[in-house]
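Heads up: the structure comes next, in structure tokens.
The values are calculated or read from the model by the stated rules, or taken from the named source; none is laboratory data. Note that the structure is a prediction, hence the values are computed from the model and not measured. All Cβ positions, even for glycine, are placed from backbone atoms using ideal geometry, and neighbour counts span all protein chains on display. Surface accessibility is based on the protein's heavy atoms, side chains included, excluding ligands, DNA and RNA. Shrake-Rupley method; radii C 1.70, N 1.55, O 1.52, S 1.80 Å.
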Amino acid sequence: IETKPEAHGHNYLKRKGPGALATAYLVIYNVVMTAGWLVIAVGLARAYLARGSYHGLYYSIEKPLKFFQTGAILEILHCAVGIVPSSVVLTGFQVMSRVFLTWAVTHSVREVQSEDSVLLFVTAWTVTEIIRYSFYTFSLLNHLPYLIKWARYTFFFVLYPMGVTGELLTIYAALPFVQKTGLYSVTLPNKYNFSFDYYTFLILVMFSYIPLFPQLYFHMIRQRKKVLGQVEDYSKVE
Amino acid sequence: MKHVEILDAKTKDKLCFLDKVEPNATIGEIKSMFHKSHPQFYPARQSIRLDPKGKSLKDEDVLQHLPVGTTATFYFRDLGAQISWVTVFLTEYTGPLVIYLLFYFRVPFIYAPKYDFTTSKHWVVHLACMCHSFHYVKRLLETLFVHRFSHGTMPLRNIFKNCSYYWGFAAWMAYYINHPLYTPPSEFTNIQFILVTLEFFNFCQIGNLSIHIALRNLRPPGSKTRKIPYPTKNPFTWIFVLVSCPNYTYELGSWLGFTLMTQCLPVAFFTLVGFIQMTVWAKGKHRSYLKEFRDYPPLRSPILPFVL
């Protein structure tokens with residue numbers, strides 16, 4: 001739909017968004033990420049069908065999970081450079097919390113890798129990311145099917161609590177092993193006059209979910225009202 | 001005689017109508033008049049502007065010099081609860097002073113009970129306590145007797161943010177420096193080294209104070225004028241030749257000295273975070289100087305000579 005800038009009043013003064021090259025790059029990025037998480041989804045399904053149980057499915061998708069979840073760090077760069085209009089801090093926080101769970105908890109504490117809680121959050125992440133990255137892909141191409149938009153702003157009702165539960169249970173499961181081995185911990189005395197107790201740190205991380213999760217959840221609910229509330233305007237246009 | 005109407009910037013509701021206002025009345029005086037009809041909005045929390053989304057007018061602006069007709073229409077925005085800068089500074093600086101001493105004297109419930117009320121056997125720990133305490137006493141005295149603030153107040157929520165920062169870091173540093181298992185600088189860094197760091201710390205403290213006094217003297221009491229700072233007879237101010245905000249330069253120096261003296265990683269973190277924040281402030285100040293003064297000395301850098 002082409003409209004003259006004047007028709008929108010002062011809308012043309014709003015931020016201009018990514019240029020053509022940046023848009024092409026972002027489309028490729030989002031397509032690759034969608035494909036990556038689809039690979040993980042398929043991997044989980046195939047492993048389940050082959051084994052006949054939920055147990056230990058993490059090992060079948062360990063490598064693509066690490067690769068694609070870590071790759072999301074690029075999204076922080078996208079915000080910093082300005083080709084994506086999100087806050088660097090917010091994106092950084094979200095991506096790093098995922099990376100933290102992937103590497104500093106699940107990868108680092110082998111004993112939790114066979115826990116069902118890992119499957120719980122991996123499944124939540126997989127479904128969320130497939131929807132999210134296809135949402136971005138279609139948005140960039142200006143052809144966003146209402147179904148994808150609806151899915152993005154509706155599935156989170158279940159996926160958020162599911163992911164949070166999986167994450168918290170996994171961290172909790174890791175605690176005794178961290179305490180026993182002193183993983184990532186530094187004690188006094190040492191020449192830097194510094195100490196760090198990873199066990200206590202993990203407990204603090206768990207507590208931090210209490211203020212943070214409701215804020216994120218209600219933010220999505222508010223976004224949902226704003227985005228899906230314009231159903232009448234959009235359905236005719238698409 | 002002019003009339004003044006004040007509308008809410010968001011809802012455009014008419015909040016107040018003042019008739020028969022002197023043309024030479026200032027915005028500050030208009031704020032006081034608005035305060036009378038709306039006692040909950042004391043002048044410090046009023047933002048008065050010509051345009052709902054425009055910049056705030058200054059208290060010193062005079063009514064007849066503004067682009068308004070016989071009836072001036074202003075827009076009001078509530079800045080939220082305000083607290084005075086002096087109050088914030090006094091609170092945020094008293095905390096570290098007291099908190100550090102609690103750790104220094106090894107008050108119960110911090111370290112193992114057998115260490116309660118004992119003192120460290122390392123003389124550098126006593127030295128560090130003196131330096132840290134001196135630093136915050138200096139800051140408190142400067143707040144009371146030296147600084148001249150452009151704005152009287154800041155938003156109330158800042159006091160919680162600022163105190164968390166200062167008090168939190170003070171506790172974190174003090175815990176390790178005064179810990180029974182503290183490791184002083186090794187035998188390779190001997191007494192000379194510690195004394196050099198002490199001298200450097202003192203040098204930067206005096207430097208920082210000199211800059212604060214020089215900046216104060218730029219501005220007569222009660223005024224809000226801004227002038228370019230220049231080197232004075234005091235050699236510690238000669239750094240103005242190369243730097244716009246040498247107070248921050250000296251402050252960085254002090255904390256570097258303290259870091260080297262104590263060889264404590266949390267102190268290094270505190271120095272780094274402070275340096276980042278002061279660099280942001282220095283760049284902003286440097287930019288305002290350049291914008292305001294055509295003849296601003298081109299050799300100057302914001303905080304580090306030639307570098308940053």
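Return the residues of segment A:186-202 that are more than 33 Å from the chain's Cα centre (by Cα) and more than 7 Å from chain B (Cβ to nearest Cβ); say none if nothing qualifies. So that I can check it myself, show each step before the final result.
To start, the set of residues in segment A:186-202 that are more than 33 Å from the chain's Cα centre (by Cα) comprises A:187-193.
Residue satisfying the conditions is A:THR187 alone.
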Would you be able to say whether some residue in segment A:216-237 is within 14 Å of chain B (Cβ to nearest Cβ), of a type in the set (Val, Ile, Thr) and open to solvent by less than 80 Å² (accessible area, probe 1.4 Å)? no
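Considering each of B:GLY274, B:GLY207 in turn, give the residue that is more than 14 Å from chain A (Cβ to nearest Cβ), buried (at least 19 other Cβ atoms within 10 Å of the Cβ) and either within 22 Å of B:ALA128 (Cβ to Cβ) or of a type in the set (Asp, Glu) (or both).
B:GLY207
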Filter pass, B:PHE293 being modelled with pLDDT under 95, farther than 20 Å from B:SER133 by Cβ and open to solvent by less than 10 Å² (accessible area, probe 1.4 Å): no
Filter result (of a type outside the set (A, V, I, L, M) and surrounded by 14 or more Cβ atoms within 10 Å (Cβ to Cβ)) within segment B:130-147: B:CYS131, B:HIS132, B:SER133, B:PHE134, B:HIS135, B:TYR136, B:LYS138, B:ARG139, B:GLU142, B:THR143, B:HIS147
Scan segment A:101-127 residue by residue and report those that are without any contact (Cβ under 8 Å) to a residue 60 or more places away in the chain, open to solvent by 40 Å² or more (accessible area, probe 1.4 Å) and assigned to a helix (DSSP H, G or I). A:TRP103, A:HIS107, A:ARG110, A:LEU120
Could you identify the single residue in A:GLU2, A:GLU62 that is open to solvent by 30 Å² or more (accessible area, probe 1.4 Å), modelled with pLDDT under 95 and charged (D, E, K, R)? A:GLU2
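Does A:TYR25 count as open to solvent by less than 50 Å² (accessible area, probe 1.4 Å), of a type outside the set (S, T, N, Q) and under 20 Å from A:GLU129 (Cβ atoms)?
Against the criterion (open to solvent by less than 50 Å² (accessible area, probe 1.4 Å), of a type outside the set (S, T, N, Q) and under 20 Å from A:GLU129 (Cβ atoms)), A:TYR25 does not qualify.
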Of the conditions (1) touching a residue at least 24 places away in the same chain (Cβ under 8 Å); (2) crowded, with 16+ Cβ neighbours inside 10 Å, B:TYR42 satisfies every one except a single condition; which number is it? (2)
Flagged pairs (Cβ under 8 angstrom, 6 or more apart or on separate chains; first in segment A:201-212, surrounded by 15 or more Cβ atoms within 10 Å (Cβ to Cβ); second of a type in the set (Asp, Glu)) are A:TYR209/A:GLU167
Hey, among A:PRO211, A:PRO189, which residue is modelled with pLDDT under 95, farther than 15 Å from A:HIS107 by Cα and not in a helix (DSSP H, G or I)? A:PRO189
Within segment A:161-202, which residues are out of contact with any helix residue (DSSP H, G or I) (no Cβ under 8 Å at 6 or more places or on another chain) and among the β-branched types (Val, Ile, Thr)? A:THR181, A:VAL186, A:THR187, A:THR200
Just to be sure, is A:LEU169 in contact (Cβ under 8 Å) with a residue 12 or more places away in the chain, among the hydrophobic types (A, V, I, L, M, F, W, C) and open to solvent by less than 80 Å² (accessible area, probe 1.4 Å)? no
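With the structure loaded, tell me whether A:THR137 is hydroxyl-bearing (Ser, Thr, Tyr), at pLDDT 95 or above, in a helix (DSSP H, G or I) and loosely packed, with under 15 Cβ neighbours inside 10 Å or whether it fails that test.
Considered against the rule, which asks whether it is hydroxyl-bearing (Ser, Thr, Tyr), at pLDDT 95 or above, in a helix (DSSP H, G or I) and loosely packed, with under 15 Cβ neighbours inside 10 Å, A:THR137 comes out as no.
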Looking at B:VAL243, B:VAL196, can you tell me which residue is surrounded by 14 or more Cβ atoms within 10 Å (Cβ to Cβ), more than 30 Å from B:GLY28 (Cα to Cα) and touching a residue at least 40 places away in the same chain (Cβ under 8 Å)? B:VAL243
Given the structure, is A:GLN94 part of a helix (DSSP H, G or I) and open to solvent by less than 50 Å² (accessible area, probe 1.4 Å)? no
Go through segment A:85-105 and give me each residue that's touching a Ser or Thr at 6+ places or on another chain (Cβ under 8 Å) and not hydroxyl-bearing (Ser, Thr, Tyr). A:VAL99, A:LEU101, A:TRP103, A:VAL105
Can you report the number of residues in segment B:161-210 which are among the aliphatic types (A, V, I, L, M) and over 22 Å from B:THR94 (Cα atoms)? 6
Among the residues of segment B:100-123, are any over 30 Å from B:TYR182 (Cα atoms) and either surrounded by fewer than 15 Cβ atoms within 10 Å (Cβ to Cβ) or in contact (Cβ under 8 Å) with a residue 12 or more places away in the chain (or both)? no
Of the conditions (1) modelled with pLDDT of 95 or more; (2) part of a helix (DSSP H, G or I); (3) of a type outside the set (Phe, Trp, Tyr); (4) more than 23 Å from the chain's Cα centre (by Cα), A:LYS236 satisfies every one except a single condition; which number is it? (1)
Just need a number here: residues in segment B:255-270 that are surrounded by fewer than 23 Cβ atoms within 10 Å (Cβ to Cβ) and more than 8 Å from chain A (Cβ to nearest Cβ). 8
Any hit, segment B:94-102, residues being farther than 19 Å from B:PHE169 by Cβ and either modelled with pLDDT under 95 or assigned to a helix (DSSP H, G or I) (or both): no
Identify all residues within segment B:16-59 that are within 24 Å of B:MET154 (Cβ to Cβ) and part of a strand (DSSP E or B); write none if there are none. B:THR26, B:GLN46, B:SER47, B:ILE48, B:ARG49
Given the criteria part of a loop (DSSP other than H, G, I, E, B) and away from chain A (no Cβ under 14 Å), does B:LYS233 qualify? yes
Has segment B:168-188 got at least one residue that is more than 19 Å from B:SER133 (Cβ to Cβ) and more than 14 Å from every other protein chain (Cβ to nearest Cβ)? no
